[in-house]
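The values are calculated or read from the model by the stated rules, or taken from the named source; none is laboratory data. None of these values were measured; they are calculated from a predicted model. A quick note on method: Cβ atoms are made from the backbone with ideal geometry, for glycine too, and the neighbour counts reach across all protein chains shown. For accessibility, only protein heavy atoms count, side chains too; no ligands or nucleic acids. Shrake-Rupley method; radii C 1.70, N 1.55, O 1.52, S 1.80 Å.
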Amino acid sequence: QMRTTRKVSVWPVGLVGGRRYERPVVENGKVVGWYTGWRADRPFAIDMAGFAVSLQVILSHPKAVFKRRGSQPGMQESDFLKQITTVEELEPKASNCTKVLVWHTRTEKVNLANEPKYHLDTVNIEV
């Protein structure tokens, strides 16, 4: 699905942020918010594994940088994406962000400390 990215596309990521998944919330084909366990107030409350950027966008924004240092913790994605797009321009993939096709995995036990006690998302996603 990344191949069809025109500018910047987004999708859910499984096993991230202390939850089973995090995802962009999509209404009528547009991203309108974020289902996340941490700082939903971020401009782009998304994990690094949850977006793709077309090469054309990278080439047309030569000063855009992904900072290893200088960003607040958890703000690297937002700091980068703010330089190249807006939330309104995001292209939802994975059936309007209702399917997990990417997992944020590590070689450690999964931590679901931020998983809500009761299902709070508007869709039921299998992880």
Item checked: Matching residues in region 66-100 - criterion: being over 16 Å from Gly33 (Cα atoms), part of a loop (DSSP other than H, G, I, E, B) and modelled with pLDDT of 95 or more -> Gln83, Ile84, Lys99, Val100
Check: Looking at Ser78, Ser71, which one is within 16 Å of Val8 (Cα to Cα) and among the polar types (S, T, N, Q)?
Finding: Ser78
Next item on the list: For region 2-20, name all the residues that are surrounded by 21 or more Cβ atoms within 10 Å (Cβ to Cβ) and not in a strand (DSSP E or B).
Entry: Trp11, Pro12, Gly17
Margin query: If I ask for residues that are touching a Gly at 6+ places or on another chain (Cβ under 8 Å) and on the phi > 0 side of the Ramachandran plot, which ones from region 4-41 would you list?
Written below: Gly17, Gly18, Arg39
Next item on the list: Give the number of residues within region 106-126 that are surrounded by 12 or more Cβ atoms within 10 Å (Cβ to Cβ) and β-branched (Val, Ile, Thr).
Entry: 3
Item checked: Residue satisfying all of: in region 21-37; open to solvent by 70 Å² or more (accessible area, probe 1.4 Å) and in contact with a strand residue (DSSP E or B) (Cβ under 8 Å, 6 or more places away or on another chain); farthest from Asp121 (Cα to Cα) among these -> Lys30
Margin query: Of all residues being in contact with a Ser or Thr (Cβ under 9 Å, 6 or more places away or on another chain) and not aliphatic (A, V, I, L, M) in region 48-60, which is nearest to Gly14 (Cα to Cα)? Just the residue, please.
Written below: Phe51
Next item on the list: Determine if region 38-57 includes at least one residue that is part of a loop (DSSP other than H, G, I, E, B) and loosely packed, with under 13 Cβ neighbours inside 10 Å.
Entry: yes
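Look through region 58-105, keep the residues that are among the hydroxyl-bearing types (Ser, Thr, Tyr) and without any contact (Cβ under 8 Å) to a residue 40 or more places away in the chain, and return whichever of them is surrounded by the most Cβ atoms within 10 Å (Cβ to Cβ). If you could, list the steps in order and put the result at the bottom.
Within region 58-105, the subset among the hydroxyl-bearing types (Ser, Thr, Tyr) is 60, 71, 78, 85-86, 95, 98, 105.
Adding the requirement that they be without any contact (Cβ under 8 Å) to a residue 40 or more places away in the chain leaves 60, 71, 78, 86, 95.
Working: Ser60: 11, Ser71: 14, Ser78: 17, Thr86: 13, Ser95: 14.
Within region 58-105, the match that is surrounded by the most Cβ atoms within 10 Å (Cβ to Cβ) is Ser78.
Quick one: which residue in Thr98, Thr122 is out of contact with any Lys or Arg (no Cβ under 6 Å at 6 or more places or on another chain) and over 13 Å from Gly14 (Cβ atoms)?
Details: Thr98 fails: over 13 Å from Gly14 (Cβ atoms).
Just one listed residue meets the conditions, Thr122.
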